[in-house]
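Novice: If you scroll down you'll find the structure; I have some questions about it.
Every number here is computed from the coordinates shown, using simple stated rules; none is lab data. Only a predicted model underlies this, so the values are computations on that prediction, with no experimental measurement involved. Here the Cβ is made from the backbone with ideal geometry for all residues, glycine too, and neighbour counts use every protein chain on show.
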Amino acid sequence: MTSAAAKPSPPSGGRGLGEGGAQGAYAHDTGYNFAYLDESTKRMIRRAILKGVAIPGHQVPFGSREMPLPYGWGTGGIQVTASILGPSDVLKVIDQGADDTTNAVSIRAFFRRVAGVATTERTAEATVIQTRHRIPERQLTEGQILVYQVPMPEPLFRLEARVAETKRMHALADYGLMHVKLYEDIARHGHIATSYNYPVMVDGRYLMSPSPIPAFDNPKMDRMPALQLFGAGREKRIYAVPPYTAVRSLDFEDHPFRPIRAPHACALCGSRESYLDEVITDDRGGKIFVCSDTDYCTERQATKAAAE
Amino acid sequence: MSPLLSARGLELRFGRIAALDGVDLDIWPGEVVAIVGESGSGKTTLLRVLSGLAAPDAGSVIFDGQDVLGMNEAARRHLMRTQWGFVHQNPRDGLRMGVSAGGNIGERLMATGARHYGNIRAAAADWLRRVEIDPERLDALPRTFSGGMQQRLQIARTLVTHPRLVFMDEPTGGLDVSVQARLLDLIRALVAELGLSVLLVTHDIAAARLLAHRILVMRHGQVVEQGLTDRVLDDPQHPYTQLLVTSVLAA
């Protein structure tokens, strides 16, 4: 599938019998409707997604459902994924760049069971990628959708406590306050000290929280060929960035935005371009830096091994 | 020349109480107009209606050819942060207490599109100097300032974008007399220097005498007397104005 809009909705009322099993790699648990949510809920979420795509960066309220995982673990992302997933999709789930953490493994297993879709750890093979806190290092393509898990969709919430007031600020594009925050950062720390969840302007109109991805990943959002969808379950908001949309990180002319990265090479694959995690190796202060994107790292290691 | 702000037939009732009862008002470019009167006479309500913060039951407010009451909120906010300024009685209502002095002054600049950190900071330091605060305090939080300094910071924050009309609601209220005198002196100097129009609401007749070119006396939502400051205060015609003038304490 190429986009949420183009995807025909699965037949409703059939309890999803055998829908995913035919093409997917795993048997679909027929006790659940296809992809867990009932068809009318999926239709409601798709409407919110379409509205979000039509107004890039604008937060669309939706009737968020209880999901079989706690708030903060990706209830928003999982609902968006459930609504756009088709039987022939290939799903990848990453958590802080890794495919093998509890959250990623559980959500993959969940969709294998309730939708019977094929899952993968390879970025290149996936058609839908649900992510928490990272964007894959590999350039995404037009055939892919990136679904972000968002804890707090409102970029202004630390600056203005009243939701009614933040809505008014979005409506009037009154974003001076966000720059006051950046000004304060520079006045206090000498540079913009926001290293994750760095606010962006979408299509020159809406201020948007990119979810807590590192500022390093912000430039990847700009004019990305893949559709980007954001789901916040607890806050009941969905927003989107359509393919090839301008996404600009806020900055000052004399303090331009700089993506920050640990000044090391990956200890496993030697990459000097990827975003690194610091890993403690013993209790005597030993540490190594490794790629946060495990698929990217594995691929590079394999290429290196093949070359030798 | 035409008035900068012109109000006609303003009416606003809160239940049985008429807060504004047929108020007409003109403010000319470069003019300081004081509204005096006792508590509950409708001074602050008038200020809120003129600045678009409250809607009247009837009447019109025209600013520089634009209908203030008829414009949408986006246009009014734009007016509020470019052409207008608002100085509150309590500096805590006008300042962001968790943001440094520089950030407070820079907010209006950034809201109107300034995106050069160095220039914003230079403008903020310059304005601190103009309101007689040590530029060294640029990164200090307003809560570490005294009441008079907070009020001066609020004035700097308001005037940094060179508004044409400034609304002041009891700017010297709650300050002790020596601080009040200094603040009045500062406001007078800035008004003359920048050629501002000011609408000043106060119950302090002495402050009005010092700052205002023209005075309006309000009572029960009506303007009972208006004229040049010296004329009204030296030769009050209306019985209420006469009472007000004779009630001023002389030290």
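Novice: With angles folded into 0 to 90 degrees, how steeply does helix B:117-130 sit against the dominant principal axis of chain B? Use alpha carbons for both and round to 10.
Specialist: Helix B:117-130 sits at roughly 50 degrees to that axis.
Novice: In nanometres, what is the gap between the two model label sites at A:Glu66 and B:Gln237, each 7 Å from Cα along Cα-to-Cβ?
Specialist: Result for the modelled spin labels: 7.5 nm.
Novice: If the elastic network links every pair of Cα atoms under 10 Å, which of A:Ile78, A:Ile49, A:Ile280 fluctuates the most in the Gaussian network model of chain A?
Specialist: Comparing A:Ile78, A:Ile49, A:Ile280 in a Gaussian network model of chain A, the most mobile one is A:Ile280.
Novice: How far apart, in nanometres, would the label points at A:Ser88 and B:Gln66 be if each is projected 7 angstrom from Cα along the Cα-to-Cβ direction?
Specialist: 5.5 nm
Novice: Right, here's the next one. Please report the projected area of region B:141-251's Cα convex hull averaged over all directions, in nm².
Specialist: The directionally averaged projection comes out at 8.0 nm².
Novice: Hey, another quick one. Would you calculate, for chain A, the mean residue ellipticity at 222 nm contributed by helices, counting each DSSP H stretch of 4 or more residues as -39,500 (n - 2.57) and dividing by all residues, to the nearest 500?
Specialist: One gets -8000 deg cm²/dmol as the mean residue ellipticity at 222 nm.
Novice: Given the Cα-Cα distance of A:Ala27 and A:Tyr196 and 0.36 nm per residue of separation, how much length would full extension add, in nm?
Specialist: Between A:Ala27 and A:Tyr196, full extension yields 57.0 nm more.
Novice: If R0 is 51 Å, what FRET efficiency do you get for B:Ser39 and A:His189 from their C-beta distance, rounded to 0.05?
Specialist: For R0 = 51 Å, the calculated efficiency reads 0.65.
Novice: In the Gaussian network model of chain B, springs joining C-alpha atoms below 10 Å, which of B:Asn90, B:Asn119, B:Asn104 carries the largest mean-square fluctuation?
Specialist: B:Asn119
Novice: Kindly list the residues of region A:156-178 that lie in the label zone of A:Ile55, defined by a backbone N under 17 Å from the point 7 Å along the Cα-to-C-beta vector.
Specialist: Output list for this probe position: A:156, A:163-175.
Novice: Once a ≥ b ≥ c are taken as the square roots of the eigenvalues of the Cα gyration tensor of the protein assembly as shown, is the result rounded (a/c under 1.5), prolate (a/b larger than b/c) or oblate (a/b not larger than b/c)?
Specialist: Note, shape of the protein assembly as shown comes out prolate.
Novice: Mind checking which lysines have their Cα closer than 29 Å to the Cα of A:Lys304? Skip sequence neighbours fewer than 8 apart in that chain.
Specialist: Of all the lysines, those that pass the test against A:Lys304 - Cα under 29 Å, at least 8 places apart if same chain - are A:Lys92, A:Lys220, A:Lys287.
Novice: Further question: So how tilted is helix B:73-82 from the main axis of chain B? Cα-based, degrees 0 to 90, rounded to 10.
Specialist: 70 degrees
Novice: Report the residue, chosen from B:His88, B:His238, B:His220, that carries the largest GNM mean-square fluctuation when chain B is represented by alpha-carbon nodes joined by springs under 10 Å.
Specialist: B:His238
Novice: Sum up the charges of everything whose Cβ sits under 11 Å from the Cβ of B:Leu183, counting Lys and Arg as +1 and Asp and Glu as -1, but leave B:Leu183 out.
Specialist: Combined, the nearby Lys, Arg, Asp and Glu give 0.
Novice: Give, as a single signed number, the net charge of other residues whose beta carbon lies under 15 Å from the beta carbon of B:Leu228, with Lys and Arg counted +1 and Asp and Glu -1.
Specialist: -3
Novice: What net charge is computed for the residues neighbouring B:Ser2, neighbours being all others with C-beta under 14 Å from the C-beta of B:Ser2, Lys and Arg scored +1, Asp and Glu -1?
Specialist: Computed value for this residue: -1.
Novice: Straight-line reach only, C-alpha to C-alpha below 16 angstrom: list the lysines that A:Lys167 could link to, leaving out same-chain residues fewer than 8 apart.
Specialist: The qualifying lysines are A:Lys236.
Novice: Project the alpha carbons of chain A onto their principal axes and report the range along each, largest first, in whole Å.
Specialist: Reported extents, whole Å, longest axis first: 60, 58, 36.
Novice: Still on this structure: Of the beta bridges DSSP finds with both residues in chain A, what % are antiparallel, to the nearest 5?
Specialist: Counting only bridges with both partners in chain A, antiparallel ones make up about 55 percent.
Novice: So, one more: In degrees, nearest 10, range 0 to 90: what is the angle between the Cα axis of helix B:101-111 and the longest Cα principal axis of chain B?
Specialist: So the helix axis and the longest Cα principal axis differ by about 80 degrees.
Novice: Shifting gears a bit: Only helical DSSP H runs with n ≥ 4 go in: add -39500 (n - 2.57) per run for chain B, normalise by residue count and round the 222 nm mean residue ellipticity to 500 deg cm²/dmol.
Specialist: -11500 deg cm²/dmol
Novice: Give the shape of region A:86-147 as rounded, prolate or oblate, defined through the alpha-carbon gyration tensor: a ≥ b ≥ c are the square roots of its eigenvalues, a/c under 1.5 means rounded, and otherwise the shape is prolate if a/b is larger than b/c and oblate if not.
Specialist: In terms of gyration-tensor shape, oblate.
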